[in-house]
Amino acid sequence: MATPYAYLKKQIMPLSEAKIGVMTHAFNYGTGVFEGIRGNWNESHEQIYVFRLKEHFDRLRKSCKIMQIDFPYDNEQLYSLVTQLVEMSGYQEDVYVRPLAYKSSEVLGVRLHDLEDDLLIFVAPFGPYLDLEKGARCQTSSWRRVADTGIPARAKITGIYANSALAKTEAQLNGFDEAIMLDERGHISEGSGENIFVVMDGKLITPPPSSDILIGITRETVMTLARNEFGIEVVERDVDRSEVYTADECFMTGTAAHVTPVVELDRRSIGDGKMGPITGAIVRMYFDIIKGNNPKYSHWCTPCYSRVKA
């Protein structure tokens, strides 16, 4: 039976024993940064492959720099910790790995300086986030994406996810699956936890970093595959809400969401209201890659179990 493990205060322990105090600065003020990393179970290999560890930890370092969090770990230490935690946990299903660097001082007062820092990593089972087969029905949120001048969009900061929670709950209480937020200028920014792509005239179009998006790792994966494997032109530019209504296809990307078609926005069907051919081709290749079945992209996949089925 699987037992989840965590790394906290420089120790590995059962997740049930990983605790922080109620006065922890990050808990009170949102002064932490994190990554969400997928571990994908391949039954035929009897293996969990963790996807794009290097890129996730590169982004975590950048987030730490922005939030003035000391992060004295090299990649080999981090890779070893993740694979060890996954193997010790023993899951035979998809998992989620959460590294979180945070202000660990138990003090009151809003600031970033003169505080202690710590790293937490835990592993938990994590199935489908959105329904890939049905696709996502989305609503344009009344909540705008926080501007980079308010909370830096390029950092994956715990506190900024209050913005996402407001948008997601609004959409779901209104009967939709997911929210799409606009930036302060009124252009499409992102979902509550996903980047957005539209297909128009055979091109893949996605909002640029200047639309206050988190620059996603799944986003970059899809852009690479579109260009290199399918010969599809990828354009980063401002996207208006009405363009999504009239797009041929639309999909979301993210560690949680993988690649999920958007079949409806604001009660308007996109395309023919189901997964389109370009989205479908990208989805099939993406899932083949993340499960360790495509040798060309094996460098993106880190196996966690030392004993692998021959």
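Taken about its Cα centre, the stretch 127-277 carries a charge dipole of about 300 debye when Lys and Arg each add +1 at the Cβ and Asp and Glu each add -1 at the Cβ.
Could you tell me the center-to-center distance, by alpha carbons, between the stretch 104-176 and the stretch 252-310 in angstrom? Cα centroid to Cα centroid, the span is 22 Å.
According to the square roots a ≥ b ≥ c of the eigenvalues of the Cα gyration tensor, what is the shape class of the stretch 171-218, taking rounded for a/c under 1.5, prolate for a/b larger than b/c otherwise, and oblate for the remainder? Prolate, since a/c reaches 1.5 and a/b exceeds b/c. Taken over the stretch 84-228, the convex hull of the Cα atoms encloses 185 Å³ per residue. Take every Cα pair under 8 Å whose residues are at least 6 apart in sequence, average their separation, divide by the length of the stretch 172-310, and the relative contact order is 19 percent. Note on the stretch 167-310: Kirkwood radius taken over Cα pairs, Stokes-Einstein applied at 4 °C and 1.567 mPa s, translational D equal to 81 µm² s⁻¹. When +1 charges are put on Lys and Arg Cβ atoms and -1 charges on Asp and Glu Cβ atoms, the dipole computed for the stretch 14-77 relative to its Cα centre reaches about 340 debye. Computed with a 1.4 Å probe on the full set of protein chains, the accessible area for residue 9 sits at about 120 Å².
Calculated mean residue ellipticity, 222 nm, the chain: -8000 deg cm²/dmol, from DSSP H runs (n ≥ 4) at -39500 (n - 2.57) each, averaged per residue and rounded to 500.
From the alpha carbon centroid of the stretch 61-103 to that of the stretch 198-228 is 26 Å.
From most to least packed by mean Cβ count within 10 Å, the peptides 124-137, 168-181 give 168-181, 124-137.
Compactness ratio for the chain: Cα radius of gyration over 2.2 N^0.38 Å (N = residue count) comes to 1.00.
Percent of C-alpha pairs per 5 Å bin in the stretch 161-243, short distances first: 3, 15, 23, 23, 19, 11, 5, 2. With all pairs of different C-alpha atoms in the average, the Kirkwood value for the hydrodynamic radius of the stretch 117-189 is 14.1 Å.
Relative contact order for the chain: 21 percent, from Cα pairs under 8 Å spaced at least 6 residues apart, divided by residue count. Dividing the C-alpha radius of gyration of the stretch 77-129 by 2.2 N^0.38 Å, with N its residue count, gives 1.50.
With q set to 0.13, 0.18, 0.19, 0.25 Å⁻¹, the log10 of I(q)/I(0) for the stretch 1-100, from the Debye formula over equal scatterers at the Cα positions, is -0.51, -0.95, -1.04, -1.47.
Think of the chain as a dipole: +1 on every Lys or Arg Cβ, -1 on every Asp or Glu Cβ, centred on the Cα centre; then among 255, 66, 198, 66 lies furthest on the positive end. Just the protein heavy atoms count here, and of the accessible area of the stretch 59-148 at 1.4 Å, carbon and sulfur take up 51 percent. Along the stretch 202-215 the Karplus relation, 6.51 cos²θ - 1.76 cosθ + 1.60 evaluated at θ = phi - 60°, assigns HN-Hα couplings of x, 9, 9, 10, 9, x, x, x, 5, 8, 6, 8, 7, 6 Hz to successive residues, with x for each Gly and Pro. Over all orientations, the stretch 248-310 has a Cα convex hull whose mean projected area works out to 5.7 square nanometres. Kirkwood Rh over Cα pairs of the stretch 148-197 into Stokes-Einstein at 25 °C, 0.890 mPa s: D in µm²/s? Result for D is 213 µm²/s.
Partners of residue 65 within straight-line reach, counting lysines whose Cα lies under 30 Å from its Cα and excluding those fewer than 8 residues away in the same chain: 9, 10, 19, 54, 103, 156, 168. Rounded to the nearest 20 debye, the dipole magnitude of the chain is 340 debye, with +1 charges on Lys and Arg beta carbons, -1 on Asp and Glu beta carbons, and the Cα centre as origin. Take every DSSP beta bridge whose two residues both sit in the stretch 68-189; close to 75 percent of them are antiparallel.
The values are calculated or read from the model by the stated rules, or taken from the named source; none is laboratory data. From a predicted model like this one, the values you see are computed outputs, not experimental measurements. Cβ atoms come from the backbone with ideal geometry, glycine included; neighbour counts cover every protein chain shown. Ligands, DNA and RNA are excluded from the accessible area calculation, which covers all protein heavy atoms including side chains. Shrake-Rupley method; radii C 1.70, N 1.55, O 1.52, S 1.80 Å.
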